[in-house]
1. Among the residues of region 15-57, how many are aliphatic (A, V, I, L, M) and modelled with pLDDT under 90?
2. When you go through (1) on the phi > 0 side of the Ramachandran plot; (2) at pLDDT 90 or above one by one for GLY60, which number turns out not to apply?
Amino acid sequence: MSSSVSIAAAAVAANQAQVQSALAAKIAKMNADAAQSVVALLEASTANLEQISKASLPDGVGTSVDISA
């Protein structure tokens with residue numbers, strides 16, 4: 001009787017380990033996807049900021065400062 005309980009306990013433990021491993025892999029993939037999304041968002045915002053700064057200023061503005069009196 002003890003051996004069948006041990007076998008059942010081992011099977012349950014193996015199943016739990018498999019579930020934990022699958023869950024860890026899923027979480028790692030979600031974290032990687034989230035990081036990739038953040039990088040894409042930062043790249044897009046940088047490109048948009050550059051376009052806005054170029055579009056809002058006329059040519060020659062912001063390139064040099066005249067400090068003559």
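1. Going residue by residue through region 15-57, those that are aliphatic (A, V, I, L, M) are 17, 19, 22-25, 27-28, 30, 32, 34-35, 38-42, 44, 47, 49, 52, 55, 57.
Next, from what is left, pick out any that are modelled with pLDDT under 90: 47, 49, 52, 55, 57.
Matching residues across region 15-57 total 5.
2. It is condition (2) that GLY60 fails.
The values are calculated or read from the model by the stated rules, or taken from the named source; none is laboratory data. All values reported here derive from a predicted model rather than from experimental measurement.
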